[in-house]
Every structure is written in C-alpha cells, then in structure tokens.
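Below: the structure, in structure tokens.
The values are calculated or read from the model by the stated rules, or taken from the named source; none is laboratory data. Note that the structure is predicted; figures quoted are calculated from it, not measured. Positions of Cβ are backbone-derived with ideal geometry, glycine not excepted, and every protein chain shown enters the neighbour counts. Heavy atoms of the whole protein, side chains included, go into the accessibility calculation; ligands, DNA and RNA do not. Shrake-Rupley method; radii C 1.70, N 1.55, O 1.52, S 1.80 Å.
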Amino acid sequence: MSNVENDTTPLQNESFRDRIATVDEKGKRKWVYAQKPKGRFYNIRTWVSWGFFALFFALPFIKVNDRPLFLFDITETKFIIFGKIFWAQDFFIFGLTMVTFIIFIVLFTAAFGRLFCGWVCPQTIFMEMLFRKVEYLIEGDAAQQKLLNNSPWTATKIRKKIIKHILFYLLAFIIANFFLAYIIGIDDLKKIISEPLGNHIGGFLSILGFAGIFYGVYAFFREQVCTVVCPYGRLQSVLLDKNSMVVAYDYQRGEPRGKFKKTMQPAQIAGDCIDCFQCVKVCPTGIDIRNGTQMECVGCTACIDACDRMMEAVKKPLGLIRYASENGITEGKKLRYTGRMKFYTLILILLTGVLTVLLVTRKDVGGTIVRAKGQLFQERGTDSLSNLYTIKVINKTIKDIPLTLRLENAPGRIIEADGKDILVQKEGQGKGSFFIVLPKNFVNKRKTSVRVGLYQGDKKITSIKTNFMGPFNRL
Ligand code: SF4
Ligand code: SF4
C-alpha cells in the first residue's frame, strides 16, 4: 500500500532500489497523493513557512540608503547584499562566498542531513505550505483527490479543476512578480506593472515566463524537482554517513513489524511498527522511510508526525520515526554533537569570519590602472620620462564622485590626458587616461613600482599600485 498512483509494489522487498518511487517499471510517472500532514512538526513548519513568506514578500520593499536590501541583477552582473553593492570586479568575494556556501552545504549536510530541504527550501515551502494547502481546500484530502481524478468529467470535477488551476496560476503569477523584483528591483517592477505595456514588453514577457514555469512546477512537476532535477538530493549518498542526522525509522525498535489488534497480548506484539502505512501515505515524495534513508527523502518530517500519532494511539513511546543517525539507532543513543560536527562548525566559523572581514573592509570605490598597450616610455624634455595609463574606476556608492589622481610614492606628477578630473557616476563606472611623469634620475631600473592615490577633494578614497617602465640598463 502506498500513496503513489497504481502502486502495486510489494513491500519488504528490495524493489524500491530499482527506481524512484514515483516511476513505474515502464518509466511512467506515478502521481503522489500525499495525505494531509498534521502534528507537532507540521505546526512548527507552518510557523517557519509564515516567516519565510513574510521575508520573501517583504524583502524587495526594504531599502537601505535608497538601495534594495537584496538585488541579484544577473543581466548587469550587479548584486546587492544587505545593502552593499557588488560588481563583477568583486569576483573574488563572490568566489569565496560560493566556496564558503558549498563547504557550508557539504558540512551542514554531513552533520544534519536534508534539514534545509524540509524546512527552508523555497520549493518545499511553496509546494507543501501554499499550493498543496490550496489543493486540500478545493479537492479534499489524498483519498478524495484520487477519487476525483479517477472519476468521469462531471460539472463538479470541471469546476474544481478550473478553480484550482486558476488559483495555482494566480499564485505562480504573484511569486513570479516578486521573483523578478529580486532581479530588477521593486521600482522597475512597479514601472512594468503601472506603465503602458509597450514600454516594458520584455519585462512583461519575463513575468509571464516565470509564472508559467512556477505554475508548471507546482501544478504538475512537483516532487520531481527534488527527486530528479535537484543535484543536492543526488549528493546525499556521498555527503551522509552513519553519524548524519536524518529523518530515520528506528528499525531496531520497529521490526519485526506487524498489524496491531486491540485484543493482542503484549507477547504477541513483536516490533513497535504496526504496519499502518501512515508514514507512507503522508510522504510527499511517495517513499517508505522504513526502507532506510533514500535519496528522495526531503526531510519534511510528515512521517514523524504520522507515526507519532499512531504510537500515541497504540500507547507506545513516540519517536519510532525521528531525527536520528544510523549510529544513534543501532547503538540506541541520542543524537550527539560529535567531534566531527564541532570541527565542521569551527571551519565554518573561520570561513565566515574571513568573509565578514573581506566584506567589512571592502572599499566603496575600486579600480584598475593598466599601462597603455604597445607603449613603453616617452622622453619628456631633457630630464623626465613618462608612461601612459588608462584607469577604470567603479563607484559602489550612491553619490557621484569626481576623482583627482595624485602620485604617492615618487617625486613626479600626474597629467590627465584630457586635462579633466574623472567623474564616476553613482553605482557606475568611469574611465580615463593619464601620464605619470618621473624624473630620469629616479627611474634607475626597468620597472619601478608606483602608487596612485584617488582623491575626492582632499579626501583620499583609495590607492592603486602600478608599474612605471623605464629604459633598459639605466644603471
Ligand atoms: S520519508 Fe518522511 S521526511 Fe522523508 S520526504 Fe517522506 S515524509 Fe518527508
Ligand atoms: S507510521 Fe509508524 S507504525 Fe505506521 S507503518 Fe509507519 S513506521 Fe510503522
């Protein structure tokens, strides 16, 4: 017995290893009718999901210094994180952030399994806490949904299906709008919504495109995202070990499983699992957790709640399915904060510390200076040499900055090629050309290191190192 459509798989055999639970032997999709969960964990997850929704829908409206708190503008490679702007030039910070994130995922998963998937992954939260709830509201619980789907197309069925799919599309449309707000910013989104369609045809098509994808995912594709598409689930087999905390069935306590009858004597009851299949019926990915940790398990805890209810009903201790490690189950020990977890936590703290220092000390104005291609040095009168440079400056602040350049560690001067200061517009980039002129008697080697200070008025913004090329064999 299972919650997947037409499932005749005999349990307690090894056939679950042959294919994922939602695919039959011919490779055809089996629809999951997940029974509505209820219980302690589901209540907590509902609260967590409210927190998630509040954040997801509120964050695009929050601004710091007139900038969004978060923006992921992939079209301009401009990212704003906690109000700080990052450009492609901040790639090293991004690189380190990605490395930290990947290590975090690896370490976190090794210690805590798929806690992320079950509790905070947007796919799970939107599916289980929004779309699935709408479905329960319109079509009823799993058994009624199955009945409705297998019934002929009556007026009631058509009405329910139309209402459900309209609501699904509306929700997907709203999510798509907010999703786009994270990419282009809420102000640009408001323009797409309020100004004539012809002015924003690209933006409007993007919203429709995202809405179509979200609708397709939540109305039809569903758990396949987690079991077939998401690479994270597939990494479980290499990330987890016997100390990892996962949603697990305590087979030591549960086996041998057997049907429960009120008339049974205690000696007749073998294991604690009463083979009621409640844990299977609530599973949104259609698996039987009693077969052990499986790639499809998203750690949603629905089976924990279902099993706890049954344990309560038959007056047995709760937690036959619980958060536990394989070692915890075999040795009967509670989950421990092991040395490995401590070590992982330490590495994460160190990496996060380095990243924080980099972020805090990151300069609001940065740039590069390169010598003009194909030119070595020029004679300037009888006593000086010059090199031509181009400078590119990026302004990450919300104010325009007029920059002047000063030579910092050499007795020469700087001459702007066009005689003007460099104006770098807010959140923009500026560039210019200039000469560094040095006295010949200072240039006593082929390559002399010089530092150019970037000043706004008398205030130094930053300085950039470059090389001054002189003639060979000057010594
Ligand atoms: S096995 Fe349990 S925790 Fe895993 S996906 Fe199914 S119901 Fe959720
Ligand atoms: S809900 Fe608990 S008792 Fe029922 S089949 Fe699952 S593990 Fe066994």
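One line per residue, one yes/no per condition, for (1) within 17 Å of the chain's Cα centre (by Cα); (2) not β-branched (V, I, T):
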residue	(1), (2)
R45	no, yes
W50	no, yes
L55	yes, yes
P60	yes, yes
D66	no, yes
W87	no, yes
F91	no, yes
V106	yes, no
R114	yes, yes
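Is at least one residue of segment 348-371 away from ligand 2 (no atom under 16 Å from the Cβ), within 30 Å of V225 (Cβ to Cβ) and crowded, with 18+ Cβ neighbours inside 10 Å? Within segment 348-371 (the criterion being away from ligand 2 (no atom under 16 Å from the Cβ), within 30 Å of V225 (Cβ to Cβ) and crowded, with 18+ Cβ neighbours inside 10 Å), the answer is yes, since at least one residue qualifies. Of the residues making up segment 311-327, those that are open to solvent by less than 30 Å² (accessible area, probe 1.4 Å) and within 16 Å of ligand 1 (Cβ to nearest atom) are M311, G319, L320, I321, A324, S325. Take the conditions assigned to a helix (DSSP H, G or I), open to solvent by 50 Å² or more (accessible area, probe 1.4 Å) and either within 24 Å of A34 (Cβ to Cβ) or β-branched (V, I, T) (or both) and apply them to I192. Does it pass? For I192, the condition - assigned to a helix (DSSP H, G or I), open to solvent by 50 Å² or more (accessible area, probe 1.4 Å) and either within 24 Å of A34 (Cβ to Cβ) or β-branched (V, I, T) (or both) - is not met. Taking each residue of segment 161-172 that is of a type outside the set (D, E, K, R) and looking for partners that are open to solvent by 70 Å² or more (accessible area, probe 1.4 Å) with beta-carbon atoms closer than 7 Å, six or more apart or interchain, yields nothing.
Quick check on L137: is it over 14 Å from the mean Cα position of the chain (by Cα), in a helix (DSSP H, G or I) and not assigned by TED's automatic domain parsing to the domain that holds G209? In short, no. Scanning segment 318-325 turns up one or more residues that are away from ligand 2 (no atom under 14 Å from the Cβ) and within 17 Å of S244 (Cα to Cα). Listed by first and then second residue, the pairs linking a residue in segment 287-314 that is under 15 Å from T227 (Cβ atoms) to a residue that is of a type in the set (D, E) and modelled with pLDDT of 90 or more, with Cβ atoms under 8 Å apart and 6 or more places separating them unless they lie on different chains, are E296/E223; V298/E223; C300/E128.
Restricting L115, L130, L96 to those that are among the hydrophobic types (A, V, I, L, M, F, W, C) and closer than 21 Å to A211 by Cβ reduces the list to L130. Candidates in segment 386-423 are the residues that are assigned to a loop (DSSP other than H, G, I, E, B) and among the charged types (D, E, K, R); of these, the one that is nearest to I85 (Cα to Cα) is K396.
Each row is one residue, and each column tells you yes or no for (1) in contact (Cβ under 8 Å) with a residue 24 or more places away in the chain; (2) under 17 Å from I349 (Cα atoms); (3) outside the structural domain of Y182 (by TED's automatic domain parsing).
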| position | (1), (2), (3) |
| --- | --- |
| L71 | yes, no, yes |
| E76 | no, no, yes |
| I80 | no, no, yes |
| I85 | yes, no, yes |
| A88 | no, no, yes |
| F91 | no, no, yes |
| M98 | no, yes, yes |
| I103 | yes, yes, yes |
| V106 | yes, yes, yes |
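Of the residues screened, K426 is not one that is outside any loop (DSSP other than H, G, I, E, B) and either open to solvent by 70 Å² or more (accessible area, probe 1.4 Å) or modelled with pLDDT under 85 (or both). Checked against (1) modelled with pLDDT of 90 or more; (2) part of a helix (DSSP H, G or I), T330 meets all criteria but (1). Among helices (runs of 4 or more DSSP H) entirely within segment 206-310, having at least 1 residues that are modelled with pLDDT of 90 or more, farther than 30 Å from L167 by Cβ and open to solvent by 30 Å² or more (accessible area, probe 1.4 Å) singles out 251-254.
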